[in-house]
Amino acid sequence: MTLFQLEVFLKVVETKSFTKAGEQIGLSQSAVSQAVAALEKDLNVKLLNRHRKGVSLTKVGERITSLISDLMVIKTKIINEASGITEIETGTIRIGSISSMSAKLLPGMIGSFKKRFPGVEVILYEGSYEEVKNWIKLSIIDAGLVLEETHQFEFIPLLQDKMVIFLPEKHSLNSQSAIHLKEIANEPFILPKECDRMLSGIFKAQGISPNVQFEVRDIATILAMVQEGVGNTVLPEMAIPSHPLKVSASYLSPQVYQNIGLVVRSTDHISPVVSAFIHEAQEFTKNLSIKLFNSYHSVIVKK
């Protein structure tokens, strides 16, 4: 029994004719008939009923046909897997990310990916959210690490990130584990440019108009301004630096999350390299417990 015989048999079943099957696969009617007869001989069963109008499956043939179909699917998967592995041994992937996520997630993702595929070159682009979206649109990058948003691209979720209020260290609310935005609505607010859409939605949902004094893109600059008492801010938990700061950090009440994931033009048209990176990113973040709040007394999380 050979794969060739099985493939010929399935084509006969599909066309219900030795002649039509031969025409489609480039064999003579005689060659098709011989291949099916050899298969029946090897299996020692009759698979087809031959009659003047064509062929039909026997009861045994019906049961075996489904198994042969499964085998052909496995054959295709083997070929695709072999092709994909070969391609990603020396491929290239271009990843874009907004700056607030580059330090926290990408090193681990890239490290995990490179361990499996050391021959693949990873090129990293870092920019604003708008830049990452534009790079995807122009095919400058293959995938982008971003916050979920309604857009024309396909979003692959990886994890959820809590939003956190940052206050000056000596703020009157620094003993609270959770703070409602209305409690700081009239105080100077520093708006993070990378989170402006999400924060606008949060403020609108809670019927609050923030007292925005500054709009800043750089996370380190924003936290330094909070530390100096210039104003308050709201940032994703992932933005918390590993080094100590003289600020107070509390969760929002009610708690708000943002979805973080990879965005691609379409998962239907991605290379094996990009598909492998998405898989590694999902595995890396699946059971990831991100300890973003450190134990320094200057960055406090109250339980």
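Across segment 1-38, the residues whose backbone nitrogen lies under 14 Å from the label position 7 Å along the beta-carbon direction of residue 53 are 16-17. FRET efficiency for the residue 208 to residue 90 pair, using the beta carbon distance and R₀ = 51 Å, is estimated at 0.45. Residues whose amide H comes within less than 5 Å of that of residue 214, counting only those at least five positions distant or on another chain, are 189, 191 (H built at 1.01 Å from N in the peptide plane). Qualifying GluC sites (Glu not before Pro) in segment 183-269, where qualification requires a DSSP coil assignment and no more than 10 other C-beta atoms within 10 Å, are lacking entirely. Average accessible surface for the chain: 53 Å² per residue, computed with a 1.4 Å probe over protein heavy atoms with every protein chain in place. Helical runs assigned H by DSSP (4 residues or longer) give the chain a calculated mean residue ellipticity at 222 nm of -12500 deg cm²/dmol, each run adding -39500 (n - 2.57) before division by the residue total.
Put a plus charge on the Cβ of each Lys and Arg, a minus charge on the Cβ of each Asp and Glu, and nothing anywhere else: the dipole of segment 100-145 about its Cα centre is then about 260 debye.
Summarised in one figure, the compactness ratio Rg/Rh of the chain, Cα atoms and Kirkwood Rh, is 1.25.
Given a 1.4 Å probe and the protein chains as shown, residue 265 ends up with an accessible area of around 130 Å². Normalised by the number of residues in the chain, what is the relative contact order in percent for Cα pairs under 8 Å and 6+ residues apart? With pairs under 8 Å counted, the relative contact order is 20 percent. Near the amide H of residue 158, within less than 5 Å, lie the amide hydrogens of 260, 261, 262, all on another chain or at least 5 residues away, with H placed in the peptide plane. Phi angles of segment 266-282 translate, via the Karplus equation with coefficients 6.51, -1.76, 1.60 and θ = phi - 60°, into HN-Hα couplings of 6, 6, 7, 9, 10, 6, x, 5, 5, 4, 5, 5, 4, 4, 5, 5, 5 Hz per residue; Gly and Pro are given as x. Largest to smallest in accessible area, the residues 51, 269 fall in the order 269, 51 (1.4 Å probe, all protein chains included). Computed from label points 7 Å out along Cα-Cβ, the spacing between residue 170 and residue 139 is 5.9 nm. The trypsin sites (Lys or Arg not before Pro) of segment 100-209 that DSSP puts in a loop, and whose beta carbon has at most 13 other beta carbons within 10 Å, are 170.
The values are calculated or read from the model by the stated rules, or taken from the named source; none is laboratory data. Please read these numbers as outputs of a predicted model, since none were measured by experiment. Counting neighbours? That spans all protein chains shown, and the Cβs are built from the backbone with ideal geometry, glycine included. We work out accessible area using only protein heavy atoms, side chains counted, and drop any ligands, DNA or RNA first. Shrake-Rupley method; radii C 1.70, N 1.55, O 1.52, S 1.80 Å.
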